[in-house]
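The values are calculated or read from the model by the stated rules, or taken from the named source; none is laboratory data. Quantities reported herein were computed from a predicted structural model and do not represent experimental measurements. Reconstructed Cβ throughout: ideal geometry from the backbone, glycine too, with neighbour counts over all protein chains shown.
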Amino acid sequence: MSQTDIYTDLAKKLQAPTSQRFMNILEAMFTPDEARICLELFLPDTCQAVASRTGMDEKDVAKSLDNLVAKGLLTRGKTQFAFHTNLLGLHHDVADTGVHAGSHAISQKVKDLWADFFFNEWAELWVKQASDRKQAGVHGIMLTPAIGALELSPNIKPEQILPGENWKMQIHAAKRRIVAPCGCRTLWGKCTHPVMTCFACFDNSRGEYYLDKPGRLLKEISEEETLQIVRKNEEIGLIHWGVCYCCPDACEMLYSYTQYNRLDLVEPNRYLAVVDEDLCTGCQVCMKRCPFKAIEMVPVPGSKKQKAQIINENCKGCGVCIVGCKQKAMRYELVKPPEWFHERQMRIPTGPPVELGKGRKIPVGAYGGFYELD
């Protein structure tokens with residue numbers, strides 16, 4: 001197998017593009033032998049098994065495995081190693097749980113290659129895939145209502161907020177609260193927003209696996225510290241979706257959907273922002289904060305200034321306009337029934353059925369990673 005074939009096969013296994021931009025990333029991150037080893041680890045396995053299948057010397061394989069683990073490209077158990085099963089998993093384990101300090105830190109060259117790939121290719125692919133899912137009847141992303149916006153809406157009773165919508169309750173109930181750097185801002189950052197905003201590792205085996213690994217930026221924090229980060233995110237206008245706090249400048253989804261004018265791919269949640277005309281001063285802050293073009297300024301009888309008005313069909317219920325209104329002239333209304341809400345679900349490509357040996361488990365979770373290995 002030629003060197004080019006090895007990288008092409010690795011891209012195909014990740015269900016990633018085989019474009020020159022993505023080939024450049026793989027070539028910068030993996031030697032041909034490392035890529036060959038990773039091809040054998042889309043299901044967990046041992047050093048001995050990899051050496052046997054590839055015909056490589058076991059000592060050479062062991063050395064490469066150690067190096068790949070040190071660079072954050074493989075996960076390791078007591079006897080097993082595993083690679084990622086999709087492009088999203090590789091990206092996020094390089095970015096938010098990757099090595100950012102020490103001799104194995106991600107180089108600026110690799111970051112630049114990921115940025116080139118995202119802004120010039122992957123963003124468009126994000127839109128196409130989301131559009132295809134929507135046409136097939138699959139739910140799109142649904143934003144999590146802002147904690148601050150719910151608190152500024154006394155008309156909504158706590159019992160009306162569903163558990164999956166109640167981020168404050170989830171923070172309180174968590175056994176461990178782990179925060180990581182935003183993968184998009186870390187890898188190809190194009191904004192000045194805070195970096196430690198990602199909760200993909202919040203209370204799960206992924207966070208526990210990477211928490212004490214060398215060179216990582218992950219931190220375990222208290223409930224109070226978590227709420228401080230969340231409130232800061234909301235105050236500066238970051239959009240909460242699932243485990244992410246996104247912006248239209250760099251984030252995978254919001255950048256892609258705004259760049260290609262496909263905000264229809266974001267589904268409205270059960271909450272709608274409304275404006276109290278008597279309290280609104282027409283400052284236009286809410287209109288500037290809204291990334292969904294859901295607010296316009298309109299003339300109001302008896303007022304010299306135009307005032308904010310919600311374009312209901314554009315509002316996604318993120319709540320950043322409510323949190324940012326100094327006049328407290330905005331609040332949520334609950335406009336959809338409980339059955340409208342659906343938990344965030346991402347389909348995980350696992351390929352054809354595989355006869356698994358002991359401990360060779362299909363990964364669980366959108367990131368396509370293995371964090372509980374034998």
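Some observations on this one:
- Within the range 18-107, helices (runs of 4 or more DSSP H) holding 3 or more residues that are out of contact with any Leu (no Cβ under 9 Å at 6 or more places or on another chain) and among the acidic types (D, E): 58-70
- Qualifying residue in the range 24-40 (condition: in contact with a strand residue (DSSP E or B) (Cβ under 7 Å, 6 or more places away or on another chain) and closer than 19 Å to A70 by Cβ): no
- Any hit, the range 39-54, residues being within 29 Å of F199 (Cβ to Cβ) and of a type in the set (D, E): no
- From Q259, Q228, residue being surrounded by fewer than 20 Cβ atoms within 10 Å (Cβ to Cβ), in contact (Cβ under 8 Å) with a residue 60 or more places away in the chain and polar (S, T, N, Q): Q259
- Residue count, the range 21-74 (criterion: touching a Cys at 6+ places or on another chain (Cβ under 8 Å) and not acidic (D, E)): 7
- Note on the range 152-174: residues that are within 21 Å of the chain's Cα centre (by Cα) and in a loop (DSSP other than H, G, I, E, B) total 2.
- Count of residues meeting criterion [under 23 Å from S19 (Cβ atoms) and among the aliphatic types (A, V, I, L, M)] in the range 38-88: 4
- Test: V179 is of a type in the set (V, I, T) and over 24 Å from E234 (Cβ atoms): no
Conditions tested, residue by residue: (1) out of contact with any Lys or Arg (no Cβ under 8 Å at 6 or more places or on another chain); (2) surrounded by fewer than 16 Cβ atoms within 10 Å (Cβ to Cβ); (3) more than 29 Å from P194 (Cα to Cα).
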| position | (1), (2), (3) |
| --- | --- |
| M253 | yes, no, no |
| P291 | yes, no, no |
| K304 | yes, yes, yes |
| I310 | yes, no, no |
| E313 | yes, yes, yes |
| G324 | no, no, no |
| K336 | no, yes, yes |
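- Flag for D116 being farther than 30 Å from Y332 by Cα, outside the structural domain of A35 (by TED's automatic domain parsing), at pLDDT 95 or above and surrounded by fewer than 17 Cβ atoms within 10 Å (Cβ to Cβ): yes
- Per-region count, the range 129-154, residues surrounded by 12 or more Cβ atoms within 10 Å (Cβ to Cβ), out of contact with any helix residue (DSSP H, G or I) (no Cβ under 7 Å at 6 or more places or on another chain) and among the charged types (D, E, K, R): 2
- Selection from the range 200-224 of residues that are of a type in the set (S, T, N, Q) and either without any contact (Cβ under 8 Å) to a residue 60 or more places away in the chain or exposed (fewer than 14 other Cβ atoms within 10 Å of the Cβ) (or both): S222
- Among the residues of the range 66-113, not one is surrounded by fewer than 18 Cβ atoms within 10 Å (Cβ to Cβ), among the β-branched types (V, I, T), outside the structural domain of T8 (by TED's automatic domain parsing) and modelled with pLDDT under 95.
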